[in-house]
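Participant: Have a look at this one before I ask anything.
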Amino acid sequence: MIRETPRDNLKGGAWLIADMSLNIWALSIVKWLDADYPATQIVFVRACIGLVLILPLIWMWRMDFRKVENLSIHLLRVGLSVVTLTASFFAISRVPLALFTAVNFTRPIVTMAMAALILGETIGLRRWIAACVALLGVLLAANPWDVPWTIGLAALVLVVFTGSAATIATRRLRGAPPIVLMTFYTTGLAACSAPFAIDSWISVGPSHLIPLLAIGAFAQCAQLCFLRAHFHGEAGFLSVLSYVSLVLSASVGFVVFKEVPSLGFGAGAVLVVGAAIWLVMRVETSSAAAGKDRSATQ
């Protein structure tokens, strides 16, 4: 089993920050469209745009497709991703952004548990503590208890489990070339969503064309960042660090949707950022110690 170094985790963390930023912008555009289009149509358009963007890369690295291993895991990852993305697009326009973020932040805990059970990763006490503190911060920030149960909330619960499982599948495929992973993901989304999108297709207005193109561009770039993050970093480490997207999504909500954060959000954000900083500082300390040990033996 491959063991990551602290420096690897920091590289993975940097890629994850880029992934989260791009995904938040893509989801913000979906929210701005305000359910004008079926979720399956948005998924299909997003996949088609992404496929066009990576076609030059597919041709450039076509030799990477000569021998594809773990085909069943590739297909499983595609299926889980289709369900996750469709449910996310369905839910984002039907629940408050804060609630969407809060429910999604249960995914790191689920992913950490899956990483320990399925991948055999060692999830240290520090990471569990950091995850729990960050989750408490998310609950304080979003205050989801006052929100009634809706079909949008049910879709979010589905996202938690399928999204976490898709992350574990990606981790299992970390040795595959990124272009192979991106191609399977993008073509799989297009193929699976096409019948449903065509059946419920709504004509795209001229003012919505560029935003829909942007969803595909942002999401495809985010996919590359996500793959690089999980190539370098451990799933347990990245799961905790992903809580930082609460602050990123709140910033976009404030600037774009004029959603003013509450005092509870401020307190929760402090816990989230504090847990992430505590975790990353531990990684940097371990990296420095490892560097000293190597120098001493040379």
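Participant: Select, from 248, 158, the only residue that is aliphatic (A, V, I, L, M), modelled with pLDDT under 85 and part of a helix (DSSP H, G or I). Can you show your working first?
Facilitator: Details: 158 fails: modelled with pLDDT under 85.
None of the other options fit; the residue is 248.
Participant: Tell me which residues, restricted to segment 63-83, are free of Cβ contacts under 8 Å to residues at least 12 places away in the same chain and within 11 Å of residue 177 (Cβ to Cβ).
Facilitator: Step one: list which residues in segment 63-83 are free of Cβ contacts under 8 Å to residues at least 12 places away in the same chain, which gives 63, 66-67, 71-72.
Those that are free of Cβ contacts under 8 Å to residues at least 12 places away in the same chain and within 11 Å of residue 177 (Cβ to Cβ): 63, 66, 67.
Participant: Quick one: residue 70 ticks every box in (1) farther than 24 Å from residue 255 by Cβ; (2) surrounded by fewer than 15 Cβ atoms within 10 Å (Cβ to Cβ); (3) out of contact with any Leu (no Cβ under 8 Å at 6 or more places or on another chain) except a single one, so which number is it?
Facilitator: It is condition (3) that residue 70 fails.
Participant: Is there any pair with a first residue in segment 19-47 that is within 23 Å of residue 250 (Cα to Cα) and a second that is at pLDDT below 85 and among the hydroxyl-bearing types (Ser, Thr, Tyr) whose Cβ atoms are under 7 Å apart and which are 6 or more apart or on different chains, and what are they?
Facilitator: 20/242; 20/245; 24/245; 24/249; 30/93; 31/93; 34/93; 35/93
Participant: Looking only at segment 35-47, filter to residues that are aliphatic (A, V, I, L, M) and either touching a helix residue (DSSP H, G or I) at 6+ places or on another chain (Cβ under 7 Å) or in a helix (DSSP H, G or I) (or both); which one of those is surrounded by the fewest Cβ atoms within 10 Å (Cβ to Cβ)?
Facilitator: Of segment 35-47, the ones aliphatic (A, V, I, L, M) are 35, 39, 42-43, 45, 47.
This time we only want the ones that are either touching a helix residue (DSSP H, G or I) at 6+ places or on another chain (Cβ under 7 Å) or in a helix (DSSP H, G or I) (or both), so: 39, 42-43, 45, 47.
Values: 39: 24, 42: 29, 43: 27, 45: 20, 47: 26.
Among those residues, the one meeting the criterion is 45.
Participant: Could you figure out which of (1) part of a helix (DSSP H, G or I); (2) under 19 Å from residue 55 (Cα atoms); (3) touching a residue at least 40 places away in the same chain (Cβ under 8 Å) isn't true of residue 191?
Facilitator: Evaluating residue 191 over (1) part of a helix (DSSP H, G or I); (2) under 19 Å from residue 55 (Cα atoms); (3) touching a residue at least 40 places away in the same chain (Cβ under 8 Å) leaves (3) as the failure.
Participant: Another question, if that's okay. Kindly establish whether residue 268 is closer than 24 Å to residue 135 by Cβ, of a type outside the set (A, V, I, L, M, F, W, C) and at pLDDT below 75.
Facilitator: no
Participant: Hey, residue 167 hits all of (1) under 29 Å from residue 64 (Cα atoms); (2) modelled with pLDDT under 80 but one; which does it fall short on?
Facilitator: (2)
The values are calculated or read from the model by the stated rules, or taken from the named source; none is laboratory data. This structure is a prediction, so every number in the text was calculated from the model and none was measured. Reconstructed Cβ throughout: ideal geometry from the backbone, glycine too, with neighbour counts over all protein chains shown.
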